[in-house]
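Asks: Before anything else, here's the structure in question.
The values are calculated or read from the model by the stated rules, or taken from the named source; none is laboratory data. Please read all numbers here as calculations on a predicted model, not as lab measurements. Methodologically, a virtual Cβ is constructed for each residue, glycine included, from the backbone with ideal geometry; neighbour enumeration extends over all protein chains shown. These accessible areas exclude ligands, DNA and RNA; they are computed on the full protein's heavy atoms, side chains included. Shrake-Rupley method; radii C 1.70, N 1.55, O 1.52, S 1.80 Å.
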Amino acid sequence: MQKTALCALACVAAGYFIGCINPAFIIGRIKGYDVRSSGSKNAGASNTVIMAGKLAGVLVALLDIFKAALSWRLCQALFPQFALAGILGGVACILGHMFPVFLHFCGGKGLACIGGVVLAYDPATFLIMLAITCVIGFATNYIAIATVSIAAIWPVYYGVTTGFWAGAAVLAVPFVPILLRHMTNFRRIRAGEELCLNFLWKKDSELERIGYED
């Protein structure tokens, strides 16, 4: 029991601190702005698109996916006999990304890191979850709705397909903080002030629609 607890603690610590490495913040510093107080004030890929352009945003998303996948695989490799190792590492990375201690707990909102966790689990499942995310995103035209939806769908899918409900319960842990972090987005959606998904290819018109100013 003590050994299991130590393995779990090591996985959580490793995943959390990997998650705290925030590419959006680093790129912002290189370009001369603080992502936490600029644009949408979110330390993630979507705000990097606003502040630094699409290529920078894609780079941030890929790095966030990579760090979550790395957390899962690293913990799995370090503790191969511990069934929850990868799951704990991946979930801790999501939470580290959202609440990074080095950035005063002001991080991103978790979508790319969820993708990284799913990718580490199984690339085919990643494609399924990506397709579901895209369908929800394009159907609603809001990234926030897609993010919260996939945070709920993914643990259920994992539990149903594997029968490992203890793992599914751990994977569900980020759902509540992700939901809470998106409440401001939902309020802006209701007020008509949230950026739509088509912001990705209609950046200027969307920013003008919500009254964003540099």
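Asks: Mind checking whether some residue in segment 35-50 is at pLDDT 95 or above, more than 18 Å from residue 119 (Cα to Cα), open to solvent by less than 10 Å² (accessible area, probe 1.4 Å) and in a helix (DSSP H, G or I)?
Replies: No, every residue in segment 35-50 fails to be at pLDDT 95 or above, more than 18 Å from residue 119 (Cα to Cα), open to solvent by less than 10 Å² (accessible area, probe 1.4 Å) and in a helix (DSSP H, G or I).
Asks: Any residue in segment 148-172 that's within 16 Å of residue 130 (Cβ to Cβ): show its pairings with residues that are modelled with pLDDT under 95 and hydrophobic (A, V, I, L, M, F, W, C) at Cβ separation under 8 Å, as long as the two are six or more apart or on different chains.
Replies: Correct list of pairs: 150/111.
Asks: Looking at segment 104-127, which of the residues that are part of a helix (DSSP H, G or I) and without any contact (Cβ under 8 Å) to a residue 24 or more places away in the chain is most open to solvent (accessible area, probe 1.4 Å)?
Replies: So the residue we want is 127.
Asks: May I pose another question? Taking segment 7-47 as the region of interest, how many residues are in contact with a Leu (Cβ under 8 Å, 6 or more places away or on another chain) and within 20 Å of residue 208 (Cβ to Cβ)?
Replies: 2
Asks: Related question: Conditions: (1) open to solvent by less than 30 Å² (accessible area, probe 1.4 Å); (2) touching a Phe, Trp or Tyr at 6+ places or on another chain (Cβ under 6 Å). Residue 99 meets all but one. Number of the miss?
Replies: It is condition (1) that residue 99 fails.
Asks: All but one of (1) of a type in the set (A, V, I, L, M, F, W, C); (2) within 27 Å of residue 193 (Cα to Cα); (3) more than 14 Å from the chain's Cα centre (by Cα); (4) crowded, with 16+ Cβ neighbours inside 10 Å hold for residue 55; which doesn't?
Replies: (4) is the only condition that residue 55 fails.
Asks: On to the next question. Residue pairs, Cβ under 6 Å, 6 or more apart or interchain, first in segment 72-97 and within 19 Å of residue 20 (Cβ to Cβ), second part of a loop (DSSP other than H, G, I, E, B) and open to solvent by 10 Å² or more (accessible area, probe 1.4 Å). List them.
Replies: Listed by first residue and then by second, the contacts come to 91/173.
Asks: Quick one: what pairs do we get from segment 177-193, first residue free of Cβ contacts under 8 Å to residues at least 40 places away in the same chain, second open to solvent by less than 80 Å² (accessible area, probe 1.4 Å) and assigned to a helix (DSSP H, G or I), C-beta under 7 Å, 6+ apart or different chains?
Replies: What qualifies is 179/148.
Asks: So residue 87 clears everything in (1) over 30 Å from residue 29 (Cβ atoms); (2) open to solvent by 10 Å² or more (accessible area, probe 1.4 Å); (3) modelled with pLDDT of 95 or more except one condition, right? Which one?
Replies: Tallying (1) over 30 Å from residue 29 (Cβ atoms); (2) open to solvent by 10 Å² or more (accessible area, probe 1.4 Å); (3) modelled with pLDDT of 95 or more, residue 87 fails exactly one: (2).
Asks: Identify all residues within segment 93-126 that are under 19 Å from residue 159 (Cβ atoms) and not aromatic (Phe, Trp, Tyr); write none if there are none.
Replies: 94, 114, 115, 117, 118, 119, 120, 122, 124, 125
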